[in-house]
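Inspection log for the structure reproduced underneath, given as structure tokens.
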Amino acid sequence: MSADSRVIRLERVAVRRGRGIAADAGPASRSKNPGTDPPIALIGPDGAGKTTILRDLETRLHRQGKRTRISWMRSPRIFTYGVLGLLRLSGLAKTVRMGDHDDVHTDLSRHPMLLQLYAWSITFDYFLGYLAKVSIPRVLLHRTILLDRFAWDTLVDLGLASGLGERFVDLAPGKILLDVARRHPTMLVTASPDVLIRRKPILSLDPRLVVRLRLYETFAHRFGLGMIDSGNTTESVSAGEAAKYFGIPSGGV
């Protein structure tokens, strides 16, 4: 095991049960209208297994008669693209192809004005994405929304870009995103760097991987999120732990 992986080695910990779709309620007492179900979120690095677990949760919910929608919450960059263009011209941002998406690496720790501009553009774009991917399908289509990534992931990204780490939540955009993040039952799915790179070799290009994982863990412990180390469990066990945390039964109605 490498020194990097020892830095963020995680233990499977017991965390208070999430107030999820079926928490504190049996099948007979749950709402029949999925539009009233709270969205639930899985957060964590690429390659941790979030999508696989969400598909299992989706199957469990279908057995309960729920109509669902999995929304990938990487926010659009409608306003952020303009700011990124400025940062690229300034040499403060570079784009790295990470699997099926572009990862933008920025370091704005010495540029507070640009940091504010960048953070506000991302925050505004995030709410546009939330409206399109969560609010509308939940209310108009009466879907139970399962979120692949959430505001916590954005806070991690901005914590890295700003150089502030978890202290980014003390800034105004951080406070706004944190308020949204804490309103939704959330579980962190993570693993060691060695496991993630073995699953997705492209992650070896991310020089901040170890710091990113440490920041995820810090948020999980500080704000009481559920946590799964998928590197130490099978897919079925990880999905079962997530279902238990969110209060989703495994059987039929």
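Worth pointing out:
- Failed item in (1) more than 24 Å from Val169 (Cα to Cα); (2) touching a strand residue (DSSP E or B) at 6+ places or on another chain (Cβ under 7 Å), with Gln64 passing the rest: (2)
- Condition met for Ser204 (at pLDDT below 95, in contact with a helix residue (DSSP H, G or I) (Cβ under 7 Å, 6 or more places away or on another chain) and crowded, with 23+ Cβ neighbours inside 10 Å): no
Per-residue answers, yes or no, for (1) buried (at least 20 other Cβ atoms within 10 Å of the Cβ); (2) modelled with pLDDT under 95; (3) under 23 Å from Ser109 (Cβ atoms); (4) aliphatic (A, V, I, L, M):
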| position | (1), (2), (3), (4) |
| --- | --- |
| Ala132 | no, yes, no, yes |
| His142 | no, yes, no, no |
| Leu146 | yes, no, no, yes |
| Trp152 | yes, no, yes, no |
| Val169 | yes, no, yes, yes |
| Ile176 | no, no, yes, yes |
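- Of the residues making up segment 134-176, those that are under 16 Å from the mean Cα position of the chain (by Cα) and among the hydroxyl-bearing types (Ser, Thr, Tyr) number 1.
- Odd one out for His221, checked against (1) without any contact (Cβ under 8 Å) to a residue 24 or more places away in the chain; (2) in contact with a Gly (Cβ under 8 Å, 6 or more places away or on another chain): (2)
- Of all residues in segment 135-155, at least one satisfies being out of contact with any strand residue (DSSP E or B) (no Cβ under 9 Å at 6 or more places or on another chain), over 14 Å from Pro45 (Cβ atoms) and not in a helix (DSSP H, G or I).
- Residues satisfying the stated conditions in segment 211-243, i.e. charged (D, E, K, R) and closer than 14 Å to Asp56 by Cα: Glu235, Glu241
- Against the test of being out of contact with any Phe, Trp or Tyr (no Cβ under 9 Å at 6 or more places or on another chain), among the β-branched types (Val, Ile, Thr) and either surrounded by fewer than 16 Cβ atoms within 10 Å (Cβ to Cβ) or within 22 Å of Leu155 (Cβ to Cβ) (or both), the options Val195, Val180, Val211 yield a single qualifying residue, Val211.
- Residue within segment 237-248 that is surrounded by fewer than 18 Cβ atoms within 10 Å (Cβ to Cβ) and either in a loop (DSSP other than H, G, I, E, B) or touching a strand residue (DSSP E or B) at 6+ places or on another chain (Cβ under 6 Å) (or both) present: no
- Candidates Val169, Val189 - the one that is without any contact (Cβ under 8 Å) to a residue 24 or more places away in the chain and touching a Leu at 6+ places or on another chain (Cβ under 7 Å): Val169
- Spans of helices (runs of 4 or more DSSP H) in segment 1-97 with at least 3 residues within 12 Å of Leu146 (Cβ to Cβ) and modelled with pLDDT of 70 or more: 50-63
Yes/no per residue for (1) basic (Lys, Arg); (2) touching a helix residue (DSSP H, G or I) at 6+ places or on another chain (Cβ under 6 Å):
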position	(1), (2)
Asp148	no, yes
Leu160	no, no
Val169	no, yes
Pro173	no, yes
Leu177	no, yes
Arg182	yes, no
Val189	no, yes
Ser192	no, yes
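The values are calculated or read from the model by the stated rules, or taken from the named source; none is laboratory data. The model shown is predicted, which means the values in this text are computed figures rather than measured ones. As a convention, Cβ positions derive from the backbone with ideal geometry for all residues, glycine included, and neighbour counts pool all protein chains shown.
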